[in-house]
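Novice: Handing you a structure now.
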Amino acid sequence: MREIVFRVLSDRPGQIEATAEDHPITITAASLEDLHHEAREALIRHLGAAHSTYRVRIRRADAPAPLPASRRHHATCC
């Protein structure tokens, strides 16, 4: 499954605006839940049936970028 990341550009009470990192998509919504829904709707319009192969991620500007899988520390058990 592929992933599309939306970066939050502005977060004012009642209006959150975000843009996709790798696609020309900008969305706005009143809440984070609505923003996720708008992201999915925008993918449907932009990619058509292929939208179902994408996982949607919302990242705030102040959130650190995740480590690549090769650099993540995996705890061992027992």
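The values are calculated or read from the model by the stated rules, or taken from the named source; none is laboratory data. Note that the structure is predicted; figures quoted are calculated from it, not measured. Cβ atoms come from the backbone with ideal geometry, glycine included; neighbour counts cover every protein chain shown.
Novice: Could you list all residues from the stretch 10-25 that are of a type in the set (A, V, I, L, M, F, W, C) and under 12 Å from the mean Cα position of the chain (by Cα)?
Specialist: Within the stretch 10-25, ALA18, ALA20, ILE25 meet the criteria.
Novice: Can I ask one more? Which is of a type in the set (Gly, Ala, Ser) and at pLDDT 95 or above, of ALA63, ALA49, ALA30?
Specialist: Being of a type in the set (Gly, Ala, Ser) and at pLDDT 95 or above holds for just one of ALA63, ALA49, ALA30, which is ALA30.
Novice: Out of the residues in the stretch 1-21 that are aliphatic (A, V, I, L, M) and surrounded by fewer than 16 Cβ atoms within 10 Å (Cβ to Cβ), state the one that is modelled with the lowest pLDDT.
Specialist: MET1
Novice: Would you please name the residue that is surrounded by the fewest Cβ atoms within 10 Å (Cβ to Cβ), looking only at residues in the stretch 22-63 that are among the basic types (Lys, Arg) and part of a helix (DSSP H, G or I)?
Specialist: Filtering the stretch 22-63 for residues that are among the basic types (Lys, Arg) and part of a helix (DSSP H, G or I), the one surrounded by the fewest Cβ atoms within 10 Å (Cβ to Cβ) comes out as ARG45.
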